[in-house]
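Below is one structure; the comments refer to it alone.
The values are calculated or read from the model by the stated rules, or taken from the named source; none is laboratory data. Everything numeric in this text was worked out from a predicted model, so none of it was measured. Cβ atoms come from the backbone with ideal geometry, glycine included; neighbour counts cover every protein chain shown.
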Amino acid sequence: MFKVDGGSLVFIYTLSKTLKAGGYVIKDVYNNGATKLESDVNLVFE
């Protein structure tokens, strides 16, 4: 799910309760015609 907030696009993730402690990478890719946006986010659960 996503929303526009103050000119920014905000993605909302629901994470599973079964995730173990450690590092995770979430990669987002958006394509619309000639426009391509990519984002990598590093998450660390302790």
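Kindly indicate which of ASP40, ASP28 is out of contact with any Gly (no Cβ under 9 Å at 6 or more places or on another chain), at pLDDT 85 or above and assigned to a strand (DSSP E or B).
ASP40
So, LYS20, is that one without any contact (Cβ under 8 Å) to a residue 60 or more places away in the chain, outside any strand (DSSP E or B) and surrounded by fewer than 10 Cβ atoms within 10 Å (Cβ to Cβ) or not?
yes
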